[in-house]
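The values are calculated or read from the model by the stated rules, or taken from the named source; none is laboratory data. Only a predicted model underlies this, so the values are computations on that prediction, with no experimental measurement involved. FYI the Cβ positions are ideal-geometry reconstructions off the backbone, even for glycines, and counts take in every protein chain you see. These accessible areas exclude ligands, DNA and RNA; they are computed on the full protein's heavy atoms, side chains included. Shrake-Rupley method; radii C 1.70, N 1.55, O 1.52, S 1.80 Å.
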Amino acid sequence: AQRVTQPEKLLSVFKGAPVELKCNYSYSGSPELFWYVQYSRQRLQLLLRHISRESIKGFTADLNKGETSFHLKKPFAQEEDSAMYYCARSGTYKYIFGTGTRLKVLA
Amino acid sequence: NAGVTQTPKFRVLKTGQSMTLLCAQDMNHEYMYWYRQDPGMGLRLIHYSVGEGTTAKGEVPDGYNVSRLKKQNFLLGLESAAPSQTSVYFCASSTGGETQYFGPGTRLLVL
């Protein structure tokens, strides 16, 4: 079965510290990988997708096919980064989401 | 462009009652999805549609029905609500394999 695993339910870091949110996916063909973010009481929105190779709000994510990982990174966390982050992969007609990681950036 | 909208925003039901959640999108997307979001469970796909008149089951379809009579609308129905269906429901749309656009969510409490 196609799966997306986010091993951390909660990640707390201090402001200015580096952040890495882990995501591993089950291998099946050439999936497209995404990171979505949900700020408090708001809708989910796309943060970035691997195919575009962009850096959004200082976040980057590199697809590692060998390790089947798509970890999200930011060198210096800011308080406004506190949110719920979901990793997702595309499947046949649909998407598979991980269980999410809540990031808390402490002042 | 309103994007993806959901009606209602919040609802309280008693066990056994029925209701319909409405999702509408104005982006001419072919694909639409219904998810439920529960603490520790992430987003789970209930049903989805790949075009007008088509629907398919997702990961957790039991207790729900859907209809896609018009391309822009995707309805989620609960025929007989149960407390286990207390959740936040999100609708999303996409062009297929691309970015999903989400609605603001509907909070449902079943007593």
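Here residue A:49 qualifies as within 12 Å of chain B (Cβ to nearest Cβ) and in contact with an Asp or Glu (Cβ under 8 Å, 6 or more places away or on another chain). Residues in segment A:84-107 that are farther than 17 Å from residue A:4 by Cβ and touching a Lys or Arg at 6+ places or on another chain (Cβ under 8 Å) were compared, and the one that is modelled with the lowest pLDDT is A:107. For segment A:4-54, a residue qualifies if it is charged (D, E, K, R) and touching a Lys or Arg at 6+ places or on another chain (Cβ under 9 Å), and the qualifying residues are A:8, A:9, A:20, A:32.
Scanning segment A:30-60 for residues that are within 30 Å of residue B:7 (Cα to Cα) and open to solvent by less than 20 Å² (accessible area, probe 1.4 Å) yields A:33, A:34, A:35, A:36, A:37, A:44, A:47, A:48. Restricting attention to segment A:71-99 and to residues that are among the aromatic types (Phe, Trp, Tyr) and in contact (Cβ under 8 Å) with a residue 24 or more places away in the chain, the residue that is most open to solvent (accessible area, probe 1.4 Å) turns out to be A:76. Scanning segment B:1-56 for residues that are of a type in the set (Val, Ile, Thr), surrounded by fewer than 16 Cβ atoms within 10 Å (Cβ to Cβ) and in contact (Cβ under 8 Å) with a residue 60 or more places away in the chain gives B:5, B:7, B:12, B:15. Residues in segment A:38-64 that are free of Cβ contacts under 8 Å to residues at least 24 places away in the same chain and basic (Lys, Arg): A:41, A:43, A:49, A:53.
Checked against (1) touching an Asp or Glu at 6+ places or on another chain (Cβ under 8 Å); (2) farther than 28 Å from residue B:14 by Cβ, residue B:63 passes all but a single condition, namely (2).
For segment B:43-98, how many residues are under 20 Å from residue A:96 (Cβ atoms) and in contact with a strand residue (DSSP E or B) (Cβ under 8 Å, 6 or more places away or on another chain)? Number satisfying all stated conditions: 30. Number of residues in segment A:53-101 that are among the acidic types (Asp, Glu), within 14 Å of chain B (Cβ to nearest Cβ) and closer than 29 Å to residue B:58 by Cα: the value is 0.
Every residue, every condition in (1) farther than 18 Å from residue A:61 by Cβ; (2) β-branched (Val, Ile, Thr), yes or no:
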{"position": "A:2", "(1), (2)": "yes, no"}
{"position": "A:6", "(1), (2)": "no, no"}
{"position": "A:19", "(1), (2)": "no, yes"}
{"position": "A:23", "(1), (2)": "no, no"}
{"position": "A:34", "(1), (2)": "no, no"}
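Of all residues assigned to segment A:9-29, at least one qualifies as being away from chain B (no Cβ under 12 Å), in contact with a helix residue (DSSP H, G or I) (Cβ under 9 Å, 6 or more places away or on another chain) and open to solvent by 60 Å² or more (accessible area, probe 1.4 Å). Counting only strands (runs of 3 or more DSSP E) that fall entirely inside chain A and contain at least 3 residues that are more than 11 Å from the chain's Cα centre (by Cα), the qualifying elements are A:10-14, A:101-106. Counting only strands (runs of 3 or more DSSP E) that fall entirely inside segment B:25-111 and contain at least 1 residues that are more than 14 Å from chain A (Cβ to nearest Cβ) and out of contact with any Phe, Trp or Tyr (no Cβ under 7 Å at 6 or more places or on another chain), the qualifying elements are B:64-67, B:73-78, B:87-94, B:106-110.
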